[in-house]
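Here's the structure we're looking at; comments come further down.
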Number of protein chains: 2
Amino acid sequence: MRLTTKGRFAVTAMIDVALYGTNGPVTLAAVSERQKISLSYLEQLFGKLRRHGLVESVRGPGGGYHLARGTETVSVADIILAVDEPIDATQCGGAENCHDDRRCMTHELWAGLNEHIFTFLRSVTLAELVRQQQQKADVVVLKDHRGPAAAPRTPESAAR
Amino acid sequence: MRLTTKGRFAVTAMIDVALYGTNGPVTLAAVSERQKISLSYLEQLFGKLRRHGLVESVRGPGGGYHLARGTETVSVADIILAVDEPIDATQCGGAENCHDDRRCMTHELWAGLNEHIFTFLRSVTLAELVRQQQQKADVVVLKDHRGPAAAPRTPESAAR
DNA sequence: TTTTAGTTGACTAATCTACTCGGGAATAGG
DNA sequence: CCTATTCCCGAGTAGATTAGTCAACTAAAA
């Protein structure tokens, strides 16, 4: 379980598709426009998302992508695993060379913490993120205030 | 909040120091030996950990590193932030260029999810990981004696 | 004064990220 | 059939990050 901007891009894009895909497929060009993510990069990401059964594609004019499953059944973990693929960095590479020292803790330890984080990210569904996003959009609309400066909370302080 | 092997190395090393640092400082050479992490790489990581007030160093023979704070007050998030430093990958880089589209969701969205993950990693203390690790060590020692290891069998760690 | 250990900085190969580019292949509309 | 649209795929790439190495230095104990 890795956590980089790559996975975040993917999650953002998935939310976009969920938000705007209510009637007909969403084109990557539109996602690219709205989310300011490079089209070619999106193509790469959606290739993986499609191969992992998270989205389905429709070719030709009027085509695009739509979700393959309901938003309640898609978790953040699903999306991140789809684009970030393998990664598992326990020293001993899974088994063998824990050699003489029987307390080669690394493996067990990270398996445990990985599981923790994985379980958490698995508990966050796309549906929740979409709902959360829609609420925030509502607030913005109701306030009729543009510009990000007026954020009542400062959540980015936690991201430092 | 990023999550890579670098941070994992740091957490692993911190647990090692917590486990073996009950009487006197732990040398990086020893950590390197046990955890199979390159000594020079550890030097880099502990430089950061020290500058962030997570460990203290003792020079000269018999020296090494020891924890600067109790294991209960150190979270996984603390350690990861210490070695992974800045990172904040919201498209709009914090503010400005959300431009015309007022629903530049990325910022709020990731701030929120970041906060979630951060809160979670903050809730996992070094003490817990050490305890967990000791239990697993016990299981290995006791072999086929499963269960929650009722008798606190701690090899050389007097704990407190 | 020698040895042990941390401290610092410069350097590097390999990998990963976040793209671009160029071509396909399917399909809807005319 | 033609053409525009859109997905599809592979190759390539600048820049950052990872996971180190190497060398020189400082502090302290024996």
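Read-outs throughout are calculated quantities, based only on the coordinates presented, and are distinct from any laboratory measurement. Here the structure is a predicted model, which is why all the values come from computation and not from measurement. Virtual Cβ from ideal backbone geometry, glycine too; neighbours counted across all protein chains shown.
The figures follow:
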quantity: Inter-chain shielding of A:115-122 (mean C-beta neighbours from other protein chains, 10 Å cut-off); calculated: 3
quantity: Ratio of the Cα radius of gyration of the stretch A:1-49 to 2.2 N^0.38 Å, where N counts its residues; calculated: 1.09
quantity: Chain lengthening between residue A:123 and residue A:20 when straightened (0.36 nm per residue, less Cα-Cα); calculated: 34.7 nm
quantity: Potential lengthening between residue A:69 and residue A:52 on full extension [0.36 nm per residue; Cα-Cα distance subtracted]; calculated: 5.0 nm
quantity: Over 19 Å between alpha carbons, listed pairs A:6/B:6; A:36/B:6; A:6/B:48; calculated: A:36/B:6; A:6/B:48
quantity: For residue A:41, label point 7 Å along C-beta direction: distances to other copies, nm; calculated: 2.7
quantity: Cβ-defined net charge surrounding residue A:65, 11 Å radius [Lys, Arg +1; Asp, Glu -1]; calculated: -1
